[in-house]
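*Asks:* Could you have a look at this structure, given as structure tokens, before my questions?
Bear in mind that the values in this text are calculations on the coordinates, not laboratory data. Since this is a predicted model, take the numbers as computed values, not measurements. All Cβ positions, even for glycine, are placed from backbone atoms using ideal geometry, and neighbour counts span all protein chains on display.
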Amino acid sequence: MKKSTIIILVVVVLLAIYAFASYNSLVTLNERADAQWAQVETQYQRRLDLVPNLVNSVKGVLTQEQKVFGDIAEARTRYSGAGTPNERAAAATQIEAGLGRLLAIVESYPDLKSSSNVQDLMAQLEGTENRVSVERNRYNEMIKDYNTTIKRFPKNLMAGIYGFGNRDYFESVSGAEKAPEVDL
């Protein structure tokens, strides 16, 4: 074999190895992002399982606050019917707003606040909200790593060839930065 043929063969083999390695690393990053989103959804599900218990514990005492309970139930239904991560994030933010109003109401009623059932559920709910926040942050970190990788040269060429596209970060919906108002 000629020296030039060997060099061309070595270059082709190296390019093939790079293409396989690039594909595998992109698949790995994509799967990690999917797994992290599943962690976010696990925490959302935990929240959704806790909410009816909290609402039922509080409902009997606060009959005048039925709108808050209705809003939470409606947001929970929207979450269950949401198909995309962005739709789920929007529904989760609505749940958070309702829960914020509910927490403010509970704070305003000392008798209710002293109930051990409500105290236990409030502590679990606060823990769940912290878990949701942590998992969302981890998800966004995964997405940042993935998006950075598919945008850098030369992997951006490989990502385009293999069909790996940009993924959306978790972002709260408009108005989520405002604290919920409670009018007693």
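*Asks:* Give me the one-decimal nm value for the distance between modelled label points at S25 and T148, 7 Å along each residue's Cα-to-Cβ direction.
*Replies:* Calculated label separation equals 1.3 nm.
*Asks:* Once label points are set 7 Å from the Cα along Cα→Cβ at both S133 and T84, what is their separation, rounded to one decimal in nm?
*Replies:* Placing both labels 7 Å along Cα→Cβ, they lie 2.8 nm apart.
*Asks:* Related question: Rounded to the nearest Å, what's the spacing between the alpha carbon centres of region 25-55 and region 84-104? Just the number, please.
*Replies:* Taking the Cα centre of each part, region 25-55 and region 84-104 sit 15 Å apart.
*Asks:* Once the Cβ-Cβ distance between A16 and Q45 is put in as r, and R0 is 41 Å, what FRET efficiency do you end up with, to the nearest 0.05? Don't jump to the answer; show the numbers that get you there.
*Replies:* Numbers: r = 43 Å, r/R0 = 1.05.
That gives a FRET efficiency of 0.40.
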